[in-house]
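To keep things clear, I will list the structure first and then write my remarks on it.
The values are calculated or read from the model by the stated rules, or taken from the named source; none is laboratory data. Just so it is clear, the model here is predicted, and its values are computed rather than measured. Glycine gets a Cβ as well: all are built from the backbone with ideal geometry, and neighbour counts include every protein chain shown.
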Amino acid sequence: MFVSLAVALMSSPEETPPSARPLQELLGESLCRELGVYPVPPALRISVVVPVYNERATLLEIVRRIRAVPIAKEIILVDDGSSDGTRDLLATMDRGDDVRVILHERNRGKGAAVRTGFGQAAGDIVLIQDADLEYDPDQYHRLIQPIVEGVADVVYGSRFLPVGPHRVLYFWHYVGNRALTMLSNIFTDLNLTDMETCYKVFRREVIQAILPTLKEDRFGIDPELTAKIARRKYRIYEVGISYFGRTYQEGKKIGLPDACRVFVSILRYWWGD
């Protein structure tokens, strides 16, 4: 229901279809905004950057879900040296005009894939999307809303704000995420709840400003991005999201060495770019 409402209101108020106007009158503007139902400028286009590494089982489904979101978009798939047949799947999939594929010859890490995707992004808003189905593209309307309404430059989708379903998984992962977020906050003077979330959304101008300074190849990209947007005083918002986490048996990849790299990156980028 809510997705169909968002489709109906994806235009300027004067262009809202007659069938949608009674819904606005019935629900009221504030409730519509709370549900992520609001006018989206007709010319708005988003760039969805998808780092891909050994995601053959989920790749086609995540592309289908991204395409189903009723917002004009380009999808930038960056394969980071996959070895499970993902690259063969990319070669045969129906790309259409909205999908671009970029190949890394060897595995360099998520941060390197994100940086490559940022360099190709042409949309008004740039969004990071993992390929493993832990994050649901149905939430794009809520994520871009603060930017569309002109109050934010950057939006983080927080797994720790109370909204939507969350799979119950690893306690020590939760503790580690919260501890690293707190450490990052100490050095950036922010009050984020989820620094390591995949869902980071930017005005394109923000990406253009910080891309030349980005260095991290792996999961250190998260504290690096956070430190650099904080240092430049961009307006940052958080939006609660649902989260469908995976187990290691289902393909989860992040581990203790990645957490150590995140810790080092928090300290490194506290000193400067």
Going by the structure shown, is Arg56 at pLDDT below 65 and among the basic types (Lys, Arg)? no
Thr226 - would you say it is of a type in the set (Val, Ile, Thr), modelled with pLDDT of 80 or more and assigned by TED's automatic domain parsing to the domain that holds Asp84? yes
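Working carefully through the options Arg87, Arg100, Arg108, find the one that is modelled with pLDDT of 95 or more, in a helix (DSSP H, G or I) and of a type outside the set (Gly, Ala, Ser). Explain how you work it out, then say what you get.
Numbers: Arg100 fails: in a helix (DSSP H, G or I); Arg108 fails: in a helix (DSSP H, G or I).
Result of the check over Arg87, Arg100, Arg108: Arg87.
Can you tell me which of Ala112, Ala91 is over 15 Å from Tyr53 (Cβ atoms) and either touching a helix residue (DSSP H, G or I) at 6+ places or on another chain (Cβ under 9 Å) or small (Gly, Ala, Ser) (or both)? Quick ask: steps written out before the conclusion?
Values: Ala112 fails: over 15 Å from Tyr53 (Cβ atoms).
Only one candidate passes the filter, namely Ala91.
Looking only at segment 139-179, which residues are of a type in the set (A, V, I, L, M) and at pLDDT 95 or above?
Step one: filter segment 139-179 for residues of a type in the set (A, V, I, L, M), giving 143-144, 147-148, 151-152, 154-155, 161, 163, 168-169, 175, 179.
Within segment 139-179, Leu143, Ile144, Ile147, Val148, Val151, Ala152, Val154, Val155 qualify.
Yes or no: Leu143 out of contact with any helix residue (DSSP H, G or I) (no Cβ under 9 Å at 6 or more places or on another chain), closer than 15 Å to Lys73 by Cβ, in contact (Cβ under 8 Å) with a residue 40 or more places away in the chain and among the hydrophobic types (A, V, I, L, M, F, W, C)? Spell out how you get there, then give the answer.
Numbers: out of contact with any helix residue (DSSP H, G or I) (no Cβ under 9 Å at 6 or more places or on another chain): yes; closer than 15 Å to Lys73 by Cβ: yes; in contact (Cβ under 8 Å) with a residue 40 or more places away in the chain: yes; among the hydrophobic types (A, V, I, L, M, F, W, C): yes.
Judged against the criteria, Leu143 is a match.
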Look at segment 60-84 and say how many of its residues are assigned to a loop (DSSP other than H, G, I, E, B), touching a helix residue (DSSP H, G or I) at 6+ places or on another chain (Cβ under 9 Å) and without any contact (Cβ under 8 Å) to a residue 60 or more places away in the chain. 2
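Here's the yes/no breakdown for (1) at pLDDT below 80; (2) not in a helix (DSSP H, G or I):
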residue	(1), (2)
Ser19	yes, yes
Glu25	yes, no
Arg33	yes, no
Gly36	yes, yes
Val40	no, yes
Ala43	no, yes
Val48	no, yes
Going by what's in this entry, would Ala91 be described as touching a residue at least 40 places away in the same chain (Cβ under 8 Å) and either surrounded by 19 or more Cβ atoms within 10 Å (Cβ to Cβ) or more than 20 Å from Arg203 (Cα to Cα) (or both)? no
If I filter segment 135-154 for residues that are under 25 Å from Arg64 (Cβ atoms), touching an Asp or Glu at 6+ places or on another chain (Cβ under 8 Å) and of a type outside the set (A, V, I, L, M, F, W, C), do I get at least one hit? no
Where the second residue is surrounded by fewer than 19 Cβ atoms within 10 Å (Cβ to Cβ) and part of a helix (DSSP H, G or I) and the first is among the aliphatic types (A, V, I, L, M) and lies in segment 206-224, which pairs have Cβ atoms under 7 Å and are six or more apart or on separate chains? Leu211/Gly119
If Asp189 passes every condition in (1) touching a helix residue (DSSP H, G or I) at 6+ places or on another chain (Cβ under 9 Å); (2) of a type in the set (D, E, K, R); (3) under 30 Å from Leu90 (Cβ atoms) but one, which one does it miss? (3)
